[in-house]
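The structure under discussion appears below in the form of structure tokens.
What follows is calculated from the coordinates using simple rules that are stated; it is not laboratory data. Keep in mind that this is a model prediction, so the values were computed, not measured. Glycine also receives a Cβ, built like all others from the backbone with ideal geometry; neighbour counts cover every protein chain displayed.
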Amino acid sequence: MPIKLKHINWKYIFGEILLLFVGINLAIWFNEWNTSRSIEKNKEIALAKIKVEMESNLKQLVENHAENQKIPKFFQELNSLKNDKDELLLTPQRWNAFVDAYPDLMKTEDSVSVGNGKYRYEGDTTIFLELTDLSDIAWEISKSTGIFHEFGYDCLYQLQAIYHTQNLVKNELNKATEALGNKSIDDLIRVLSFMDQLETQLEDQYKDMIKSIDNCK
């Protein structure tokens, strides 16, 4: 009995395999492309939120930095006005000029004439420390989601440096608050002096990053 061989259409089979191969690769490519789009979108959102966060922090920092640095200047000038007996023997013009320069820090309590147009002044000193609420929520979210890995090395390095300096400022602010609570003026002035350097550095870091953060995209 003769054996009949079934004809195999190899072109059809290879065509099907090729279509399957192309289909799988297209699906993989589309999935990767879609994932890439999602990552880029999330990166843009994260960077935009960090930028807004830094702009808000910078505005607060500049205002409160200026106010808090009046405190060391105030005590420096106050001490320069005192004589060897720790007295304030001044003319009314000189005293009023001093009080007018620091209206929130010094109020006149009493004055007694000591002759020669001078008075012995006593004042009431009130110290208010401006507390800057430096937020790091946007930065922490970018780390917790892992999207910060997409920022690029230079950008990531700058951001890490900024938030490190920010934490140093917050730590020193806590020390200043503690010194004020303990009524330790010497400690307060020492901490504020160091804060002046840190806050100036942080302001510059904020400004540079705000200008260049769009390049992180």
Exercise. Give me the distance between the Cα centres of the range 67-95 and the range 159-187, rounded to whole Å.
Key: 26
Quiz item: Tally Lys/Arg at +1 and Asp/Glu at -1 over every other residue whose Cβ is under 13 Å from the Cβ of Thr91; what's the total?
Solution: +3
Self-check item: Label-point separation in nm, Asn96 to Ile210, each point 7 Å along Cα→Cβ
Solution: 4.0
Quiz item: Can you give the net charge of the other residues whose Cβ lies under 13 Å from the Cβ of Arg190, counting K and R as +1 and D and E as -1?
Solution: -4
Quiz item: What list do you get for Met54, Met195 if you sort them by fewest beta carbons within 10 Å?
Solution: Met195, Met54
Self-check item: Computed magnitude of the charge dipole of the range 82-125 (debye, nearest 20; Cβ of K, R +1, Cβ of D, E -1)
Solution: 240
Exercise. Can you tell me which of 204-212, 81-89 comes out highest on packing, and rank the rest after it, using the mean Cβ neighbours within 10 Å?
Key: 204-212, 81-89
